[in-house]
Amino acid sequence: GESVGLHLPTLSVQEGDNSIINCAYSNSASDYFIWYKQESGKGPQFIIDIRSNMDKRQGQRVTVLLNKTVKHLSLQIAATQPGDSAVYFCAENVMRNSGGYQKVTFGTGTKLQVIP
Amino acid sequence: DSGVTQTPKHLITATGQRVTLRCSPRSGDLSVYWYQQSLDQGLQFLIQYYNGEERAKGNILERFSAQQFPDLHSELNLSSLELGDSALYFCASSVGVSGGYTFGSGTRLTVV
């Protein structure tokens, strides 16, 4: 498959353990945050989102935590599986009131390697 | 299959040439976004269209242009290609002008 990025930070996790992927965002006006998963040779896939009026949201095996004080976002994956191996991107989203366009900025990504 | 269709999947062309990348959004989605992903720069937002109108512009070069047609499909035109334009080009769509995107599988452009 194709390599998404050669210089990405890498997190190696034993199968069955929990994974925590961190992301620092830059804009205090960001009001919507999304985590994407990108497997080799594929486009980014939506995992979970959270709005700025929340600090935690849970999905199936995934939890996103938002700390607006320090502008930090994290993605927790429970019981990590080999199929979780991918690059994970956080995205911050600033909504504009007039005309309603959104400005989405993606982080550089973290590569998750699951060790069987 | 995400529902967002991009063609072609791979494209190899020479410097100075012009190419057109095509995107069909997911059924019911009115917004289309174009992103460039290169090895050293991650996902870079290029441009957004909503229901045929340009809504937002990112780091899109003047050599690049895009449009969204009445049937909502979109085309990204890249001209006077340079070696540095080699990258993955992704299209994404969403229902409105906000919210999570659905990405296509991308077009791999190689400029030689």
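The values are calculated or read from the model by the stated rules, or taken from the named source; none is laboratory data. Just so you know, these numbers come straight off a predicted model, no measurement behind them. Cβ: placed from backbone, ideal geometry, glycine included. Neighbour counts: every protein chain shown. The accessibility values were calculated without ligands, DNA or RNA, using every heavy atom of the protein model including side chains. Shrake-Rupley method; radii C 1.70, N 1.55, O 1.52, S 1.80 Å.
With the structure loaded, tell me whether B:TYR33 is modelled with pLDDT under 95 and within 15 Å of the chain's Cα centre (by Cα) or whether it fails that test.
Details: modelled with pLDDT under 95: yes; within 15 Å of the chain's Cα centre (by Cα): yes.
Against the criterion (modelled with pLDDT under 95 and within 15 Å of the chain's Cα centre (by Cα)), B:TYR33 qualifies.
Considering only segment A:20-39, state which residues are touching a strand residue (DSSP E or B) at 6+ places or on another chain (Cβ under 9 Å), more than 10 Å from chain B (Cβ to nearest Cβ) and either open to solvent by 70 Å² or more (accessible area, probe 1.4 Å) or farther than 14 Å from A:PHE89 by Cα (or both).
Within segment A:20-39, A:ILE20, A:ASN22, A:ALA24, A:SER26, A:ASN27, A:ALA29, A:SER30 qualify.
Residue under question is A:PRO82, and the condition is that it be open to solvent by 50 Å² or more (accessible area, probe 1.4 Å), within 22 Å of A:PRO116 (Cα to Cα) and within 14 Å of chain B (Cβ to nearest Cβ); does it hold? If you could, list the steps in order and put the result at the bottom.
Working: open to solvent by 50 Å² or more (accessible area, probe 1.4 Å): yes; within 22 Å of A:PRO116 (Cα to Cα): yes; within 14 Å of chain B (Cβ to nearest Cβ): no.
No: the conditions fail for A:PRO82.
Based on what the data block shows, is A:SER3 within 10 Å of chain B (Cβ to nearest Cβ), at pLDDT below 90 and either more than 20 Å from B:GLY42 (Cα to Cα) or part of a loop (DSSP other than H, G, I, E, B) (or both)?
Judged against the criteria, A:SER3 is a match.
Suppose we keep only residues that are part of a loop (DSSP other than H, G, I, E, B) and within 12 Å of another protein chain (Cβ to nearest Cβ) within segment B:56-66. Which one would you say is most open to solvent (accessible area, probe 1.4 Å)? Write out each step before concluding.
From segment B:56-66, those part of a loop (DSSP other than H, G, I, E, B) are B:58-63; that's our starting set.
Keeping just the survivors that are within 12 Å of another protein chain (Cβ to nearest Cβ) gives B:58-59.
On the way: B:GLY58: 31, B:ASN59: 107 Å².
Looking at the filtered set, the residue picked out is B:ASN59.
Of the residues that make up segment A:56-72, is at least one surrounded by fewer than 17 Cβ atoms within 10 Å (Cβ to Cβ), touching a Cys at 6+ places or on another chain (Cβ under 8 Å) and away from every other protein chain (no Cβ under 13 Å)?
Looking for residues that are surrounded by fewer than 17 Cβ atoms within 10 Å (Cβ to Cβ), touching a Cys at 6+ places or on another chain (Cβ under 8 Å) and away from every other protein chain (no Cβ under 13 Å), one finds at least one in segment A:56-72, hence yes.
Would you call B:GLN44 within 12 Å of the chain's Cα centre (by Cα) and either open to solvent by less than 20 Å² (accessible area, probe 1.4 Å) or more than 10 Å from every other protein chain (Cβ to nearest Cβ) (or both)? Before the answer, list the steps.
Working: within 12 Å of the chain's Cα centre (by Cα): yes; either open to solvent by less than 20 Å² (accessible area, probe 1.4 Å) or more than 10 Å from every other protein chain (Cβ to nearest Cβ) (or both): no.
In short, no.
Could you tell me whether any residue of segment A:7-19 is over 14 Å from the mean Cα position of the chain (by Cα) and either at pLDDT below 95 or within 14 Å of chain B (Cβ to nearest Cβ) (or both)? Don't jump to the end; show me each part of the working.
Our first condition is that a residue be over 14 Å from the mean Cα position of the chain (by Cα); within segment A:7-19, this holds for A:7, A:12-18.
Restricting the remaining residues to those that are either at pLDDT below 95 or within 14 Å of chain B (Cβ to nearest Cβ) (or both) gives A:7.
Yes, segment A:7-19 has at least one match.
Test B:SER27 against the criterion of being more than 8 Å from chain A (Cβ to nearest Cβ), polar (S, T, N, Q) and either open to solvent by less than 40 Å² (accessible area, probe 1.4 Å) or without any contact (Cβ under 8 Å) to a residue 24 or more places away in the chain (or both), and give yes or no. Steps first, please.
Details: more than 8 Å from chain A (Cβ to nearest Cβ): yes; polar (S, T, N, Q): yes; either open to solvent by less than 40 Å² (accessible area, probe 1.4 Å) or without any contact (Cβ under 8 Å) to a residue 24 or more places away in the chain (or both): no.
When the stated conditions are applied, B:SER27 does not pass them.
Considering only residues that are open to solvent by less than 10 Å² (accessible area, probe 1.4 Å) and either in a strand (DSSP E or B) or in contact (Cβ under 8 Å) with a residue 60 or more places away in the chain (or both), which ones fall in segment B:70-100?
Filtering segment B:70-100 down to residues open to solvent by less than 10 Å² (accessible area, probe 1.4 Å) leaves B:74, B:76, B:78, B:81, B:85, B:87, B:89-94.
Scanning segment B:70-100 gives B:SER74, B:LEU76, B:LEU78, B:LEU81, B:ALA87, B:TYR89, B:PHE90, B:CYS91, B:ALA92, B:SER93, B:SER94.
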